[in-house]
Structure formats: structure tokens, C-alpha cells
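Nothing in this text is a laboratory measurement; each read-out follows from the coordinates by a stated rule. Note that the structure is predicted; figures quoted are calculated from it, not measured.
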Amino acid sequence: MAQSDDAAYCKKLGDYATRYLGDPGGNGGTRPDFDIMEGIDKCNKGNTAAGIAILEKKIRSKGFTPPAR
């Protein structure tokens with residue numbers, strides 16, 4: 001159960017980081033930068049601990065508070 005919770009949190013962080021910290025993309029949206037993409041990639045490959053660490057660090061470095069688990 002903890003792994004699925006971590007995977008869900010990883011996705012939540014990736015979505016949050018892309019939405020608020022991503023680079024401007026086409027059609028008025030945003031796209032993730034390289035750090036965000038790396039975190040999302042690690043999450044997608046099952047390395048949620050590393051993905052969460054990268055994404056939380058990126059979010060904090062921009063002055064935001066990561067979303068609650």
C-alpha cells in the first residue's frame with residue numbers, strides 16, 4: 001500500500017511542479033523543465049523515493065511548499 005501511496009504522491013508532485021514551476025509551453029500551458037522531468041521519470045520507473053526528493057527540492061527551491069501527501 002505504501003508504494004501506491006508514494007506513486008500517487010509522486011504524480012501529485014510532478015503535476016504541481018509542472019503547473020507552477022514549468023517553462024512556458026504552447027497553447028498557454030506549461031512544460032516541465034529538466035529537473036522536473038527527471039523527477040517524473042524516476043517516479044514513472046518506480047524509483048519514487050528519488051523522484052519525490054528531486055521534485056520536493058525543486059518546489060522548495062522556487063519558494064513554494066510541496067502539496068500535502
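Rounded to the nearest 500 deg cm²/dmol, what is the calculated helix-only ellipticity per residue at 222 nm for the chain, with -39500 (n - 2.57) per DSSP H run of length n ≥ 4? All intermediate terms of the calculation are to be shown ahead of the outcome.
Values: 3 runs with 45 residues, N = 69.
-21500 deg cm²/dmol, from helical runs alone.
Which three extents, in angstrom, do the Cα atoms of the chain have along their principal axes, listed largest first?
37, 23, 16
With the contact rule set at Cα under 8 Å and sequence spacing of 6 or more, what percent relative contact order holds for the chain? All intermediate terms of the calculation are to be shown ahead of the outcome.
Working: 80 pairs, mean separation 22.4, N = 69.
For the chain, the relative contact order is 32 percent.
Mind telling me which of Leu13, Leu21, Leu55 comes out most flexible in a GNM of the chain, alpha-carbon contacts under 10 Å?
Leu21
Could you state the angle between the C-alpha long axis of helix 2-21 and the longest principal axis of the C-alpha atoms of the chain, as a value from 0 to 90 degrees rounded to the nearest 10?
10
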